[in-house]
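A short reminder: the numbers here are calculations on the coordinates, not readings from a lab. Predicted, not measured: the structure shown is a model, and the values here were computed from it. Cβ placement follows ideal geometry from the backbone for every residue including glycine, while neighbour counts extend to all protein chains displayed.
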Amino acid sequence: MKIAIGNDHAAVEMKTEIQAYLTELGHEVVNYGTDTTESCNYPEYGEKVGRAVAAGEVDCGVLICGTGVGISIAANKVKGVRAAVCSDVTTAHLVKEHNNANIIAFGARIVGIEKAKDIVKAYLDAEYQGGRHQKRIDMIHEIENR
Ligand code: RB5
């Protein structure tokens, strides 16, 4: 898969490790995040990854900031984005199965690197279940059009 990754200054080290992990798994990773620990603004990176995902330039996205929250809120402002913050493996597979999340987010200050790898793997391995979930996703996107 082609995966966009984005991060702010709080998550440079974790981004680098997750990027390497995704490459190891055989994915192509496009890095939209910062590579320095100089203070920066997470909305910029959330938007970049959100736009790449919404435009179909990549299959999905991974966003990391201190908590995963700010950067995912920013990405969710892009039409067509469904970014989900996950701190555990169960949520990570359910956000794909039920919500068809096209971006997974987590916090470098919240989860350790091994948990972060498990979260990303659970998300990537899961499959969207469709069916009754599609109507609810359609309802979410109708909100964008009102
Ligand atoms: C940066 O200090 C921090 O606010 C940011 O990484 C993130 O946690 C925001 O949601």
Within the stretch 24-50, restricting to residues that are assigned to a loop (DSSP other than H, G, I, E, B) and under 24 Å from residue 100 (Cβ atoms), the one that is nearest to the ligand (Cβ to nearest atom) is 33
Scanning the stretch 68-111 residue by residue, those within 17 Å of residue 52 (Cα to Cα) and touching an Asp or Glu at 6+ places or on another chain (Cβ under 9 Å) turn out to be 71, 74, 75, 77, 78, 79, 80, 102
With the first residue restricted to the stretch 1-17 and required to be under 15 Å from residue 120 (Cβ atoms), and the second required to be polar (S, T, N, Q) and assigned to a loop (DSSP other than H, G, I, E, B), Cβ contacts under 9 Å at 6 or more apart or on different chains are 6/34; 7/34; 11/34; 15/34
For the stretch 56-72 the number of residues that are more than 9 Å from the ligand (Cβ to nearest atom) and under 13 Å from the mean Cα position of the chain (by Cα) is 6
* Does residue 53 qualify as being under 22 Å from residue 124 (Cβ atoms), of a type in the set (A, V, I, L, M, F, W, C) and either within 15 Å of the ligand (Cβ to nearest atom) or assigned to a strand (DSSP E or B) (or both)? -> no
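Being outside any helix (DSSP H, G or I) and away from the ligand (no atom under 14 Å from the Cβ) is the filter here, so list the residues in the stretch 95-108 that pass it.
If the condition is that a residue be outside any helix (DSSP H, G or I) and away from the ligand (no atom under 14 Å from the Cβ), then 98, 99, 100, 101, 102, 103, 104 are the ones that fit.
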If you go through 92, 75, 83, the only one that is more than 14 Å from the ligand (Cβ to nearest atom) and of a type in the set (Gly, Ala, Ser) is 92
query: Is at least one residue of the stretch 109-116 more than 19 Å from residue 13 (Cβ to Cβ), surrounded by fewer than 16 Cβ atoms within 10 Å (Cβ to Cβ) and away from the ligand (no atom under 16 Å from the Cβ)?
result: no
Only unsatisfied item for residue 131, checking (1) free of Cβ contacts under 8 Å to residues at least 24 places away in the same chain; (2) closer than 21 Å to residue 34 by Cβ, is (2)
